[in-house]
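Everything below concerns the one structure shown next.
The values are calculated or read from the model by the stated rules, or taken from the named source; none is laboratory data. Keep in mind it's a predicted model, so treat the numbers as computed, not measured. All Cβ positions, even for glycine, are placed from backbone atoms using ideal geometry, and neighbour counts span all protein chains on display.
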Amino acid sequence: MAEIILPAKALAVNPLKVSQPVGASLAFLGLANTMPLEHGARGCTSFNKLFFMRHFHEPIPLQTTAMDQMTTVLGADGNVVEALRTIADRNRPDIIGLITTGLSEIQGADIPSSIKAFRDTYPQYGEVAVVPVSATDTLGCLETGFGRAVEAIIAALVPAVPATVRHPRQVNVLVPSMLTPGDIEVIREWVESFDLHPVVLPDVADSLDGHLIDAGYSTLTYGGTPRARIATMGKSIATLVIGHSLARAADLLKERTGVPDYRFPGLMGLEECDAFTQVLNDISGCPVPDRIARRRACLQDAMVDTHFQLGGARIAVAADAELLATLTRFLVGMGADVVAAVASAPMPALAALPVDSVIVGDLEDLEVRARERGSDLIITNSHGAEVAARLGVPLLRAGFPLYDHYGGFARPWVGYGGSRQVLFDLANQLVTHHRGVKPYRSRYWQDTPRSREAPGCQ
């Protein structure tokens, strides 16, 4: 059991955490024909939008109710109603994700009343689904905001009555914030290789993988899980849940639909990938495809190839709790020593990690612990570049945001192939920045001209 060390300082010196509204907005960006709407100040939403644009290198549909000093004091319900009307009238979305922020939560916004006022005043927009999410900046992190949004999407868009007819090959796949568009593509192909049809929620691989459309630009998300597909999730034969952060969403989906679920802490490394493959085999009744078996064999070979570099390597990791847990299990399983584990927010799953302690803190905590324990490599987001430079160690970029590395948002980390590539990347970083070992010299060694000659020289 890992000791959870809570922050003792009054403020974050080098911030690691990304706020809940960013995570909630990210979840809605994985739905088709959707507009996330953050109920807060204009500057906060602009900042969040900039984070997304620098990470994905894509235009991001994201709106704000633009609260100012006056509406913060006197009430901003009118802002919400007017923003919903404007978006519904100009953009014609299928879904509007209405996300509260720290400002609106502290102000005491009555979101249900605002939505009712919008429905009563503008009944012509009744076909537009409005999904409210409480995601204050003062609590949690990107991961928890994402999980709250997925739970709210299920509550609003999945019928509460269990289906009487099942689609015999359809499965639900709930994916967490730690997965990249590349990861979701891997999972989709993995499921489809067993002749199953996945309903991925939310599907950022279809909307944020970086592709051009014929229209050139859209004011809404272009891609993602369609609203109609979400409504059919109760007709699936099973739900595959990846990550602990979606536990509440998975519980709600199971309660509303009666669909049995299978839960996985992550999909990195041989053991976790085998568990996922076995469940797909059990659900589908199909044998494991040859290409999946070959990818597994390739991962095993990579484990043999890289074990000399990774065995005993001293690695420091900082990320949201779920990504931190997945990386830590994977690294320790490969024989590495995780000398520093820093999470952005406390989560119950952290206590089960195979390390002596987990710090809930920031990148300053990572730097201090990594320096004290002689880290060979750091894994964190792009904000860790300066930390790695000061310590003189390599940085493997992971998490959010990745603003100084092209393609980082799209690379796969999960599955047999993704795990294999991570092993190669880690080993290459360690080889390239190898510090070397000082030669051993006996206590009886004498520094004479003859002793400096090469061995064997006369």
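So the check is Cβ under 7 Å with 6+ separation or different chains; which pairs have a first residue in segment 136-149 that's polar (S, T, N, Q) and a second one that's in a loop (DSSP other than H, G, I, E, B) and surrounded by 24 or more Cβ atoms within 10 Å (Cβ to Cβ)? If the second residue must be in a loop (DSSP other than H, G, I, E, B) and surrounded by 24 or more Cβ atoms within 10 Å (Cβ to Cβ), the pairs left are Thr136/Thr101.
To keep it simple, each residue is scored yes or no on (1) within 24 Å of Leu310 (Cβ to Cβ); (2) at pLDDT 95 or above.
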position	(1), (2)
Ser382	yes, yes
Leu396	yes, yes
Ser419	yes, yes
Asp425	yes, yes
Val437	yes, no
Ala454	no, no
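Restricting segment 52-72 to residues that are farther than 30 Å from Arg411 by Cβ and in contact (Cβ under 8 Å) with a residue 24 or more places away in the chain, the residue that is nearest to the chain's Cα centre (by Cα) is Thr64. The set of residues from segment 151-171 being without any contact (Cβ under 8 Å) to a residue 40 or more places away in the chain and part of a loop (DSSP other than H, G, I, E, B) comprises just one member, Thr164. Only a single criterion out of (1) assigned to a helix (DSSP H, G or I); (2) buried (at least 24 other Cβ atoms within 10 Å of the Cβ); (3) within 14 Å of the chain's Cα centre (by Cα) is not satisfied by Ser177, namely (1). Out of curiosity, is Tyr262 under 27 Å from Gly407 (Cα atoms) and either buried (at least 16 other Cβ atoms within 10 Å of the Cβ) or in contact (Cβ under 8 Å) with a residue 12 or more places away in the chain (or both)? No; evaluated as a whole, the condition is false for this residue. All told, Ala8 falls short of being under 22 Å from the mean Cα position of the chain (by Cα) and either without any contact (Cβ under 8 Å) to a residue 60 or more places away in the chain or not assigned by TED's automatic domain parsing to the domain that holds Leu201 (or both).
What about Tyr222, is it surrounded by 14 or more Cβ atoms within 10 Å (Cβ to Cβ) and either of a type outside the set (Ser, Thr, Tyr) or not assigned by TED's automatic domain parsing to the domain that holds Pro36 (or both)? Yes; evaluated as a whole, the condition is true for this residue. Among the conditions (1) small (Gly, Ala, Ser); (2) without any contact (Cβ under 8 Å) to a residue 24 or more places away in the chain; (3) buried (at least 18 other Cβ atoms within 10 Å of the Cβ), the only one that Ala215 does not satisfy is (3).
Can you tell me which residue in segment 194-224 is farthest from Ile292 (Cα to Cα), limited to those that are touching a strand residue (DSSP E or B) at 6+ places or on another chain (Cβ under 9 Å) and among the aliphatic types (A, V, I, L, M)? Looking at the filtered set, the residue picked out is Leu220. Scanning segment 1-47 for residues being of a type in the set (Ser, Thr, Tyr) and part of a strand (DSSP E or B) gives a total of 1. List, please: which pairs have Cβ atoms under 8 Å, are six or more places apart or on different chains, and start with a residue in segment 403-426 that is not assigned by TED's automatic domain parsing to the domain that holds Thr277 and aromatic (Phe, Trp, Tyr) and end with one that is assigned to a loop (DSSP other than H, G, I, E, B) and surrounded by fewer than 19 Cβ atoms within 10 Å (Cβ to Cβ)? Filtered contacts from segment 403-426: Tyr406/His57; Phe409/His57; Phe409/Gly210.
Does segment 439-452 hold any residues that are at pLDDT 65 or above and of a type in the set (Ser, Thr, Tyr), and which are they? Within segment 439-452, Tyr440, Ser442, Tyr444 meet the criteria. The set of residues from segment 39-82 being at pLDDT 90 or above, surrounded by 16 or more Cβ atoms within 10 Å (Cβ to Cβ) and hydroxyl-bearing (Ser, Thr, Tyr) comprises Thr45, Thr64, Thr65. If I filter segment 234-242 for residues that are without any contact (Cβ under 8 Å) to a residue 60 or more places away in the chain and surrounded by fewer than 21 Cβ atoms within 10 Å (Cβ to Cβ), do I get at least one hit? Looking through segment 234-242, none of the residues is without any contact (Cβ under 8 Å) to a residue 60 or more places away in the chain and surrounded by fewer than 21 Cβ atoms within 10 Å (Cβ to Cβ). Of note, Ala156 does not satisfy the criterion of being out of contact with any Leu (no Cβ under 7 Å at 6 or more places or on another chain), farther than 30 Å from Ser236 by Cα and either at pLDDT 95 or above or among the small types (Gly, Ala, Ser) (or both). Does Thr164 satisfy the criteria of being in the same structural domain as Pro36 (by TED's automatic domain parsing) and surrounded by fewer than 16 Cβ atoms within 10 Å (Cβ to Cβ)? In short, no.
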